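Structure provided below as structure tokens; questions to follow.
Where a number appears in this text, it was derived from the coordinates with a stated rule and is not lab data. None of the values given here were measured: they were computed from a predicted structure. Note: ideal-geometry Cβ built from the backbone for every residue, glycine included; neighbour counts use all protein chains shown.
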Amino acid sequence: MASWKFTDQYGTDFPALANSILGILEFDISGSSPVSGTTFTGTLDLKASGNALNVLALLLGMESIPMTGSVTSDSGELKVDLTSTNDSDIKAALAAIIPLIGGSILQAGSVAITNQTSATADAEDDSEVDEFDLNTTIQIGGGTGELVTQIPMSDGVFSLNGTFTGLGIGLSDLDFLVPGSQFSSQFPTDLPSDYYNPSTTQLELLELDLSLQVSTKSGIDLSIVEVATNIGIVNIPLYPNALFLNPLAVNISVTSPTQDPQPQFGLTGTIALYPAGKQTSPPSVDPDFTYDLEAQLPTGEDATFIVSGTWDNPENLGVQTVINDLMNQAYDTGIGEDVTLENFDFEASADTEKGEISGFSVEIVMSSTFGIFGNSGFDVKDFSISLDYEK
Amino acid sequence: MPNLKFISWNLKNVSRNKLQKQFTAGFQALGMGNTVMDYIVNVVLGTEVWEDVISPKPADMFVIIELKTGGRRKGAPVSGSCIPSLTLVRNALNAAIPTNGYDPMEYQYDFLVPLVAGRYETMGFLYNTRVFRPDPTPGAVSVVAERDQVTNTYLDGRTPLVAQLQFVQNPAVTMRWSAIHDRPPQGAANIRFRPPISFCRRLPNTPSAAVTNTFFLGDFNCQPTNYYVNGAGNNVYPFGTAANLFANLPNYGTTLPDNSLTSVRKSLVNPPPDPTDPKSAYLSSPYDNSIYWAQNLLGGVETEVPDLIGEAKDHTFNPPIPLYPGRGRIVLNAYNRVSDHMPVITEFNIQV
């Protein structure tokens, strides 16, 4: 077996490759190159690759990882896409080192390398894409999802995270996240929304983050710093089929889940307005406008409930379009198409103990050429209205 | 006699998502951090990654400037990603204390729940609970969005957010941190600094200005020697006059040298625009500072801007080897994922 690095074969044509992970990784190969046509076959030598691979070697208890994949170098662009082939060993190693997701939760584990480097990038540049990832597949409830992290290459914090679509769950499906006291007991039972009923509401897991601390000072020590989830209720029709609350989500961070779980909550949501003539339930196209909500939930220490919102109009569509979308037809209001709503922000806070609004503010900004000054050469392009109420 | 270390750092619109961002695999392999969060932890704790650049002692107060929050009304409760961000930073710092050889009985962090300082923005205060504690008196307030007492209005842009804590060792002695994110300069050369200087000239009217053991720290978007020319043709300085730069804050001063650059460029400029300062290749303006009034100091106050780009090293070698200038561009690219400002570090001894 011979030792080989990507820079040995491609470093001259792609000088930026030396700054990427492929400038570090050493492979054991048979023959003079692991690349035959566009097919790569080689074994990543964790020990020979130096300090940076020490954490991975200790995490997996391996000295090498067999890999396969594709390598192309067309049109001045090198593209490398490799994955491990000993995935059952990797899965077993991960289940042992991160027992929180071991057992029946962890379905698969693998290592992947993705790189894209341009021949025009010089020796001081980065590659356009330079990733060295640890991928896991977990089963939660009736579905599966992917948690991904770039492989930790030094002692410190790293995050395994994933975002999900259509992953329906019950709260008890997440009990594995807080082994001592069960996750479902951390979830608020009383949300300020009629849309949530603990016994009947269908929930979806939108996001899951595991923050981990790794230390190799003495062998390998891996601890879970924090578990955070975003659990949502999706596609709530506010005004069928134009306006949907999608999602209304509760985000929960649980500090020290395996020792002294301390939950914290927030509430986020997005109201989406869908284009006239393309409105379905559930929505099937991108919305014209969105309105993001954020809220702080009252706790035992602070009885304040606060909600704030931000308007997003990525295509800079006019106020007329908002009205058309709401009516699901062309509806002539006489407002010019060039009058756009740039900001529509509001915020309100309420004291839930006293049952009164303690603060309220709104700001509306419209932009156009309003013609107020006729042909004088001056005009108003934007105007804003803001109102603050503070008790 | 506590030996104290404060770090203020504009982390540019920082949220939980940003904290979890990763570097390129090639940069990550150099050993300065697995994620943006991990990079920040190494700086705040002064781990061996920054040996000979940052003192090997965890900060007793870490002030985050430009922390994202929901809400835009100054003084309102924060929402959205703000508390999750602070929770993650606190948890990451605490997890890294023992693994970096520090004693958890000497360093353990918590944060104060902030208030909104400006549109969707606030500041974070993470403190060493072994040194400081909030006033345990029922109803006592530890964080205030401060107003100009003369006009009874919040300051323009982001109003100062002020934290006050007691020393655990002697609760009768308190310390304050007034976190600043001033307005940026704009306009023609002779009036360019008018927005940030106008803000600074209102700081003496905030309650904290009259309280000893107070630090104004963060991103001032100007330095004490900057000025603009007013309508009467006079030079107007942030805190005083040309003859006395702190005339309006008579008890205050800074030990950060003038022209200590803190703003980070997007790309390297070679040759450096200021031939007398090689760091001007990647740093542009002296905007961050730590301005203090402290009593019972034992010895001097040291304030510095660590050079996290020029002093970055490749830790795949033992001993680590410098990355700048040869690989300066990849270091700057990675740093831009963390922030567009350098941190400011203040250290001193105090009798309490």
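How far apart, in nm, are the 7 Å Cα→Cβ label points at B:ASN318 and B:ASN170?
My value for the distance between the label points is 4.6 nm.
I want to check the label-to-label distance for B:ASN270 and B:ALA242. Put each point 7 Å from Cα in the C-beta direction and report it in nm to one decimal.
3.9
When a/c is below 1.5 the answer is rounded, else prolate if a/b is larger than b/c, else oblate, so apply that to region B:160-292 with a ≥ b ≥ c taken from the square roots of the Cα gyration tensor eigenvalues.
Here region B:160-292 falls in the oblate category.
Pairs to check: B:LYS18/B:LYS279; A:LYS5/A:LYS79; B:LYS57/B:LYS279; A:LYS47/B:LYS18. Give those whose C-alpha atoms are more than 21 Å from each other in this structure.
Where the Cα-Cα span goes over 21 Å, the pairs concerned are B:LYS18/B:LYS279; B:LYS57/B:LYS279; A:LYS47/B:LYS18.
Order the peptides B:9-20, B:305-316 from the highest to the lowest mean number of other Cβ atoms within 10 Å of their residues.
B:9-20, B:305-316
Peptides B:260-266, A:17-23, A:117-123, A:129-135: what's the order by average Cβ count within 10 Å, highest mean first?
Top of the packing list down: A:17-23, A:129-135, B:260-266, A:117-123.
Right, something else. So for chain B, Kirkwood radius off the Cα pairs, Stokes-Einstein at 25 °C and 0.890 mPa s: how many µm² s⁻¹?
119
Then there is this: Excluding same-chain residues fewer than 8 positions from B:LYS21, which lysines have a Cα within less than 16 Å of its Cα?
Candidates past the 8-residue exclusion: B:LYS12, B:LYS68.
Spin-label point model (7 Å from Cα, Cβ direction): what's the A:ASP175 to A:SER70 distance in nm?
Between A:ASP175 and A:SER70, the label points sit 4.5 nm apart.
Considering every residue in B:65-71, what mean count of other chain Cβ atoms within 10 Å of its Cβ is obtained?
The shielding value for this peptide is 4.
Sticking with this one: Can you pull the Rg over Rh of region B:72-231, Cα-only, Kirkwood?
Rounded to two decimals, Rg over Rh is 1.02.
Can you give the average number of partner chain beta-carbon atoms within 10 Å of each beta-carbon in peptide B:83-89, as a whole number?
Per-residue shielding by partner chains comes out at 5.
From the phi of every residue in region A:130-140, what ³J(HN,Hα) in whole Hz does the Karplus formula 6.51 cos²θ - 1.76 cosθ + 1.60 yield, where θ is phi - 60° and glycine or proline is x?
8, 10, 9, 10, 10, 10, 10, 10, 10, 10, 10
Gap in Å between the Cα centre of region B:132-199 and the Cα centre of region A:42-81?
50
Could I ask something else about it? Quick one: which residues, 5+ away or cross-chain, put their amide H under 5 Å from the amide H of B:VAL173? H built at 1.01 Å from N.
B:PHE167
Shielding by partners for B:9-19, please: the mean number of other protein chain Cβ atoms within 10 Å of each residue's Cβ.
Shielding by partners across B:9-19 averages 1.
Give me, ordered by chain and number, the residues 5 or more places off A:ILE151 or on other chains with an amide H under 5 Å from its own placed amide H.
Hits under the 5 Å cutoff: A:PHE132, A:ASP133, A:LEU134.
Now, a different point. What ³J(HN,Hα) values, in whole Hz, does the Karplus curve 6.51 cos²θ - 1.76 cosθ + 1.60 give for region B:179-189 when θ = phi - 60°, with x put for Gly and Pro?
Coupling constants for region B:179-189: 7, 10, 10, 6, 6, x, x, 6, x, 5, 3 Hz.
Taking H as built 1.01 Å from N, whose amide H comes closer than 5 Å to the amide H of A:GLU207, not counting residues under 5 places away?
For A:GLU207, the qualifying residues are A:PHE164, A:ASN230.
Pick from B:ASN205, B:ASN289, B:ASN318: which is most flexible by mean-square fluctuation in a GNM of chain B where alpha carbon atoms under 10 Å apart are linked?
With Cα springs under 10 Å in chain B, the top fluctuation among B:ASN205, B:ASN289, B:ASN318 is at B:ASN318.
Additional query: Could you compute the FRET efficiency for A:ASP8 and A:SER218, with r as their C-beta to C-beta distance and R0 at 45 Å, rounded to 0.05?
0.80
Tell me, what ³J(HN,Hα) does each residue in region A:147-162 have, in order and in whole Hz, if you take phi through Karplus 6.51 cos²θ - 1.76 cosθ + 1.60 with θ = phi - 60° and put x for Gly and Pro?
Values, residue by residue: 10, 10, 9, 6, 4, x, 10, 7, 4, x, 8, 9, 10, 9, 9, x Hz.
Between B:ALA210 and A:THR163, take the C-beta separation as r, use R0 = 56 Å, and let me know the FRET efficiency to the nearest 0.05.
Step by step, r from the Cβ atoms, then E = 0.70.
By average Cβ neighbour count within 10 Å, what is the ranking of B:177-186, B:214-223 from highest down?
B:214-223, B:177-186
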